[in-house]
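Report on the following structure.
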Amino acid sequence: MSNNNIGYILSCPNCKSRLLIEKDFCKCSQCGALYKHESGIFFFHDSGEYNTGADKSDNLIFQIKSLIKKSPKLFYFLNHTLGIHAGKSVKDFLRNIPKGALIINLGSGSNIIRDDVINLDSYPYPGVKIVSDVHKLPFKDASVDVVVAESLLEHVKNPEAVVKEIYRVLKPGGTIYITTPFIIGFHSSPDDYYRWTYSGLRILFKDFKEIELGSAVGPTVAFTYILREWLAVFFSFNSAYIYQLVTLFLMFILAPLNLLDFILIKYKISKNIAHIFYFVGKK
Ligand SMILES: [Zn+2]
C-alpha cells in the first residue's frame, strides 16, 4: 500500500469509528468530529498545543534542535556524526521489512527513514503525513504491519498507554522497533519525563514477544554526554545560557571519542551504562 491511500487505515482517534475523507477535511461517521486534511496531511490535533520548551533550562538547545529538524538531511548528518550509532539501527531493522508493508514512524520529526515509511508526529515537521497525539492513534485496530519509534516514549506523559495503542493498531504478527535512552541528561523535546533500564523495557513491552533487546547507542556516547554536561554545569557560573553554549561546543570536541563504541558495544556488560536501548518485538 502506498502513502497515498493511508486513508484506508485511518479511524477517528476519539471514538475509533470510520472516517469520511474529503479533499480538505475528514469527518467521523459516528461522533461527527471534524479533522483538517490539507495538502495530503491529516491533522488530528492542533499543533498549536505543541509546547515550545520556552520555560526549560535547555531552551536554546531545544530551539536549535527544532530549527535543524526542519532540514532532514542536516539533522540526520549531525545525529550520526555527533553520536555514533554502533548498535542495531532502525535502518538495519527495516532491511528485513519488505516494501509494501505498512510502516508507521511515531514521533518521526522530519526524519525520513525510507520512502515508504509514514511519518506521524505531534508537530507538522516536513515529511510528516499525520499530525496526532500518540496517546490516541488515528488507526483502526490491527491495521499496521510495523511501528517504529525512536526516542519517543521518554517524552510522552503516559508511555504505558502509548505502548497499548501501538499494540492495538498492530496486525497480529506485526513488529516494532523502539528505542529509549538510558544514561542521558534531561533533554526537552518538547519535555522529558522517563527513563528505562534494560529490565524495565521488558516490563514496558510485556505484551509483545521479545525478538531482540540491546544497545543501539553505546556507553561512550553516554559517557561523553554526561562529561560534557558536567563540564558545562561547572563552567556555566550558574547561567543557563553559558551552560548551553559550552554543551554545544563540547558536543563537537568530544565526538571523536564516541568511535570507541564500535568496540565497547560488543561487551555485554556495557549495557549497564548504555546511552540508548532498542527493543524489537512481535504482536
Ligand atoms: Zn468519532
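Taken over the range 46-72, the criterion of being part of a loop (DSSP other than H, G, I, E, B) and either surrounded by 16 or more Cβ atoms within 10 Å (Cβ to Cβ) or at pLDDT below 60 (or both) is satisfied by TYR50, ASN51, THR52, GLY53, ALA54, ASP55, LYS56, ASP58.
From the residues in the range 238-283 that are without any contact (Cβ under 8 Å) to a residue 40 or more places away in the chain and in contact with a Ser or Thr (Cβ under 6 Å, 6 or more places away or on another chain), which one is farthest from ALA142 (Cα to Cα)? Among them, the one singled out is ILE242. Go through the range 157-194 and count every residue that is under 19 Å from LYS65 (Cβ atoms) and not aromatic (Phe, Trp, Tyr). Number satisfying all stated conditions: 11.
With respect to ALA101, determine if the residue is modelled with pLDDT under 90, assigned to a loop (DSSP other than H, G, I, E, B) and hydrophobic (A, V, I, L, M, F, W, C).
Values: modelled with pLDDT under 90: no; assigned to a loop (DSSP other than H, G, I, E, B): yes; hydrophobic (A, V, I, L, M, F, W, C): yes.
Criteria not met by ALA101.
Residue count for the range 1-14, restricted to those that are at pLDDT 90 or above and either within 13 Å of LYS136 (Cβ to Cβ) or surrounded by fewer than 14 Cβ atoms within 10 Å (Cβ to Cβ) (or both): 5. Checked against (1) part of a loop (DSSP other than H, G, I, E, B); (2) surrounded by fewer than 22 Cβ atoms within 10 Å (Cβ to Cβ); (3) in contact with a helix residue (DSSP H, G or I) (Cβ under 9 Å, 6 or more places away or on another chain); (4) not β-branched (Val, Ile, Thr), LYS129 passes all but condition (1). Among all positions in the range 77-100, there is no residue which is of a type in the set (Asp, Glu) and farther than 21 Å from GLY281 by Cα. When the range 17-45 is filtered for residues that are of a type in the set (Lys, Arg) and at pLDDT below 90, only LYS23 remains.
Among the residues of the range 26-35, those identified as surrounded by 15 or more Cβ atoms within 10 Å (Cβ to Cβ) and either more than 10 Å from the ligand (Cβ to nearest atom) or of a type outside the set (Lys, Arg) (or both) are CYS26, CYS28, ALA33, TYR35.
When restricted to residues that are touching a strand residue (DSSP E or B) at 6+ places or on another chain (Cβ under 8 Å) and in contact (Cβ under 8 Å) with a residue 60 or more places away in the chain, the range 70-103 contains 12. Within the range 197-225, restricting attention to residues that are small (Gly, Ala, Ser) and assigned to a strand (DSSP E or B), the residue that is surrounded by the most Cβ atoms within 10 Å (Cβ to Cβ) is SER215.
So which pairs qualify, if the first residue must be in the range 130-144 and more than 17 Å from LEU102 (Cα to Cα), the second must be of a type in the set (S, T, N, Q) and not in a loop (DSSP other than H, G, I, E, B), the Cβ gap must be under 9 Å, and the two must be at least 6 apart or on different chains? Note: pairs meeting the criteria are VAL131/SER47. Out of ALA240, ALA216, which single residue is modelled with pLDDT under 90 and among the small types (Gly, Ala, Ser)? The unique qualifying residue is ALA240. Of all the residues in the range 251-279, those that are in contact with a Pro (Cβ under 6 Å, 6 or more places away or on another chain) and of a type in the set (Lys, Arg) number 0.
The values are calculated or read from the model by the stated rules, or taken from the named source; none is laboratory data. Bear in mind the structure is a predicted one, so any value in this text is a computation, not a measurement. Note: ideal-geometry Cβ built from the backbone for every residue, glycine included; neighbour counts use all protein chains shown.
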